[in-house]
Amino acid sequence: MIQKLIILGFLKKNPASGYDIKKFTNKELGVFSEIGSQSVYYSLKKIEKEGLIKKKEQKTGKYLKKFIYSITVKGEKVFLDLCKKALSSRRRPFIELDIALYFLPFLDKKEIIPSLRLRLRFLESVKKWLISKGEELKKAPKNLTLLLEHHFKLVTAEKNFLQDMIMAVKNEEI
């Protein structure tokens, strides 16, 4: 569902090639989603079969050609429906850390602190990226600043939790 939403949303702006969609997914949405760009071409074929997009061949050189995809009227309706479903989703965020927390009693506490610190460093780099992206998008539409703000708050909350967890492990409270 999410890959279809991303592809249709991207094509809603402008027709584009599969490569353009893949590049956008990696560059702009990679930090917000774990969507793999490797399956973009498979998804494009599938979405085209559903009649949500159409492709047109375009020559780029003497022998080179590429396909340019555009959204159809049916695709526009599906896009709107997918957006509504995503906005009203009742799915909770899934964080792999939660599964490891469940099994914490089986782990050597001294061995998990380096892993938690590594995750903290990763979250700090994400936070820095969000801040720099926020500077880039100061005059961007409100939806983009809201997206950045949402993730900034999520990252901040997780960092605080991890710091508390490290202290609890160090103090042998767990």
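The values are calculated or read from the model by the stated rules, or taken from the named source; none is laboratory data. Everything numeric here is computed off the predicted structure, so don't read it as measured data. So basically every Cβ, Gly included, is an ideal-geometry build from the backbone, and we count neighbours across all protein chains shown.
Within the set Val126, Val155, Val169, the sole residue that is of a type in the set (A, V, I, L, M), under 22 Å from Ile2 (Cβ atoms) and in contact (Cβ under 8 Å) with a residue 60 or more places away in the chain turns out to be Val126. Set side by side, the residues Glu149, Glu124, Glu76, Glu158 differ, and just one is at pLDDT 85 or above, of a type in the set (Asp, Glu) and in the same structural domain as Leu29 (by TED's automatic domain parsing), which is Glu76. Taking the numbered list (1) within 30 Å of Asn14 (Cα to Cα); (2) within 22 Å of the chain's Cα centre (by Cα); (3) loosely packed, with under 10 Cβ neighbours inside 10 Å in turn, Ile47 passes all entries but (3). The condition (being in contact (Cβ under 8 Å) with a residue 24 or more places away in the chain and small (Gly, Ala, Ser)) is satisfied by just one residue among Ser43, Ser132, Ser89: Ser43.
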